[in-house]
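The structure appears below as structure tokens.
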Amino acid sequence: MAGIPVDKVVDISETREENMLERVCPVCSSGQHYSVHSVNFEDNIGLLSGYNVVACSDCGMVFATPLPEPSVFEHYYTTLSKYDSSLENISIYDQERFQLITKFISTFLKNETRVLDLGCGSGGLLRELKKFGYTHLFGLDPSKAVADYYEGKKSNIKVFTGYLETCEIPRENTYDLIILEAVLEHIPDVHAFLGNVLKLLSKDGLLYIGVPNLWEFKKCNDGPFQQFSIEHINYFSSVSLNNLMNEKNLSMLSIEQIMLPGAPGIFASGIMGIWKREINKMNNKIVKDNYGLEALKDYITLSMMMLNNIEEILKSVKQNEREIYVWGTGTHTFRLLAATSLGTCNIKAFIDMNPHYVGRLVRNIPIKLPGSWLDSSTPILISSKIAQSEIEQYIKTDLKLSNPIIKLYRD
Ligand SMILES: [Zn+2]
């Protein structure tokens, strides 16, 4: 995640419900849109208590609105975000994604190209580019640990610390390729952000963008409405993304729709595209995304069916009136608390491995790390689709717990 200054910290509990700002279309800046779906995370401890998913009346771009003011996002990404990098162990799924991206962009690049990965995380993509023979590799990430890691390695990879607007990175038309992988879907003010990005790009430089693909949300099997997460607030298709690039005087060289594995049996939709800067670009006409709304409606229907199946399971849990533990305090859990009987179940504690969450309260119920405090007769409800089998295995094999387990999805 790039783009958010690190030095301002606000208390979310005081600001979250106030100053919600209605957004204009992140692509064409139109103020005309209609609401298609309402998202509710009322108990969430992080960024948002919910938003409407709307479609722009003019260009068809789908996005979230209203949102809290920018300082709330800054606070979230500096304190609560899950993007703490694991530097040595890059998952096989990320590895596969980085290989795919490298192959895609390498057809457009010479080896002496200066490449900047904005929001480089653990630097896995830069490492993959290095394997392909690229030698001028730069990254930017909020975590200082990443910069220190590459400094110690004396590799050809130089990582800067901080956020785009405030970091010490060399500026002014410096880079031949800038990478924005899994970044643009998080950005509240897309035009302002891209304006800052383009200041770093050489005059005929290339911009690579990877984002989730609205048109294929229905193929993402990570749980009901999970594409409308606490962090993702822009839902691009290849048409709307290209419209945005045209608005910024960039011409498309190539664009692909892909499905990417994210966990065993779980797939995420993606778009990867590469654009070239053209100073005197003509023909910036917006093409309306006529398929986006239909794709969105299909996804909502599918998610509602999934939610109904989960509700059947939760209703019987509730009827038992037994106390339960809930494992997981991510988007998935907050959605279920708001939309299903989970909200009225007898929850004894939440369990989570994220150290940023532990010690906080949800509905006055504590979030704890798993440990000896667990009562072995209380069932553990696993609130995740993407990690359900991994969590189950961890509970049984690593923690050797004998608690009954409640699963919301078939294996
Ligand atoms: Zn629009």
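What follows is calculated from the coordinates using simple rules that are stated; it is not laboratory data. Here the structure is a predicted model, which is why all the values come from computation and not from measurement. Neighbour counts run over all protein chains shown; Cβ positions are idealised from the backbone, glycine included.
Comparing Met353, Gly330, Ser372 along the charge dipole axis of the range 320-407, the residue lying farthest to the positive side is Gly330, per the Cβ-charge model.
For the range 381-386, the Karplus equation 6.51 cos²θ - 1.76 cosθ + 1.60, evaluated at θ = phi - 60°, returns couplings of 8, 8, 9, 6, 9, 4 Hz by residue, with Gly and Pro reported as x. Taking the Cα centre of the chain as reference, the dipole from Cβ charges on Lys and Arg (+1) and Asp and Glu (-1) amounts to some 760 debye.
The Cys residues in the chain with no partner Cys Cβ within less than 4.7 Å of their Cβ are Cys120, Cys167, Cys220, Cys345. Taking a straight Cα-Cα cut-off under 21 Å and skipping sequence neighbours fewer than 8 places away in the same chain, the lysines within cross-link reach of Lys285 are Lys248, Lys276. A simple charge model with +1 on the Cβ of Lys and Arg, -1 on the Cβ of Asp and Glu and nothing else charged puts the dipole of the range 320-407 at about 140 debye relative to its Cα centre. Within the listed set Leu337, Leu109, Leu241, the Gaussian network model of the chain (springs between alpha-carbon atoms below 10 Å) gives the highest mean-square fluctuation for Leu109. Working from label points 7 Å from Cα in the Cα-to-Cβ sense, the Met282 to Glu22 distance is 3.8 nm.
In terms of the Cα gyration tensor, with a ≥ b ≥ c the square roots of its eigenvalues, is the range 76-178 rounded because a/c is under 1.5, prolate because a/b exceeds b/c, or oblate? Since a/c reaches 1.5 but b/c is at least a/b, the shape of the range 76-178 is classed as oblate. Of the chain, which part is the longest with no GluC sites (Glu not before Pro) in a loop (DSSP not H, G, I, E, B) and with at most 16 other C-beta atoms within 10 angstrom? For GluC sites (Glu not before Pro) (loop position, at most 16 other Cβ atoms within 10 Å), the longest site-free span of the chain is 173-277.
Between Ile324, Ile101, Ile90, the residue with the greatest mean-square fluctuation in the GNM of the chain (Cα pairs under 10 Å linked by springs) is Ile90. Taking the Cα centre of the range 238-301 as origin and assigning +1 to Lys and Arg Cβ atoms and -1 to Asp and Glu Cβ atoms, the resulting dipole is close to 300 debye. Rounded to the nearest 0.05, the FRET efficiency derived from the C-beta distance between Asn40 and Ser402 at R0 = 35 Å is 0.50. Just round it to a whole percent: the fraction of Cα-Cα distances in the range 273-411 exceeding 25 Å. Result for the distance tail: 40 percent. A DSSP coil position with no more than 10 other Cβ atoms inside 10 Å describes the following trypsin sites (Lys or Arg not before Pro) in the range 276-317: Lys285. Computed from label points 7 Å out along Cα-Cβ, the spacing between His191 and Ser30 is 1.4 nm. Taking a straight line from the alpha carbon of Lys219, these lysines sit under 19 Å away, with near neighbours fewer than eight places off in the same chain left out: Lys297, Lys385.
By the beta-carbon count within 10 Å of each Cβ, the least crowded to most crowded order of Ile382, Ile405, Ile391, fewest first, is Ile405, Ile391, Ile382. Each of Phe334, Phe267 has some number of other Cβ atoms within 10 Å of its Cβ, and from fewest to most they run Phe267, Phe334.
Between Met353 and Asn52, the modelled labels are 3.9 nm apart [label points 7 Å from Cα along Cα→Cβ]. Largest mean-square fluctuation among Pro224, Pro355, Pro26, in a Gaussian network model of the chain whose springs join Cα atoms under 10 Å apart, belongs to Pro355. Phi angles of the range 65-73 translate, via the Karplus equation with coefficients 6.51, -1.76, 1.60 and θ = phi - 60°, into HN-Hα couplings of 7, x, 10, x, 5, x, 4, 5, 5 Hz per residue; Gly and Pro are given as x.
Cross-link partners for Lys158 among the lysines, with Cα-Cα distance under 20 Å and sequence neighbours closer than 8 places in the same chain left out: Lys110, Lys130, Lys131, Lys144, Lys199. Distance from the C-alpha centroid of the range 230-308 to that of the range 146-187: 24 Å, rounded to the whole angstrom. When the chain is described by a simple charge dipole with +1 on each Lys and Arg Cβ and -1 on each Asp and Glu Cβ, the residue from Leu184, Gly60, Tyr93 located farthest towards its positive end is Tyr93. Counting charges near Pro366 (Lys, Arg +1; Asp, Glu -1) among other residues having Cβ under 11 Å from its Cβ returns a value of +3.
Relative protection proxy for 201-207, 174-180, from highest mean packing down: 174-180, 201-207 (other beta-carbon atoms within 10 angstrom). Kirkwood hydrodynamic radius of the chain, from the reciprocal of the average inverse Cα-Cα distance over all distinct pairs: 22.5 Å.
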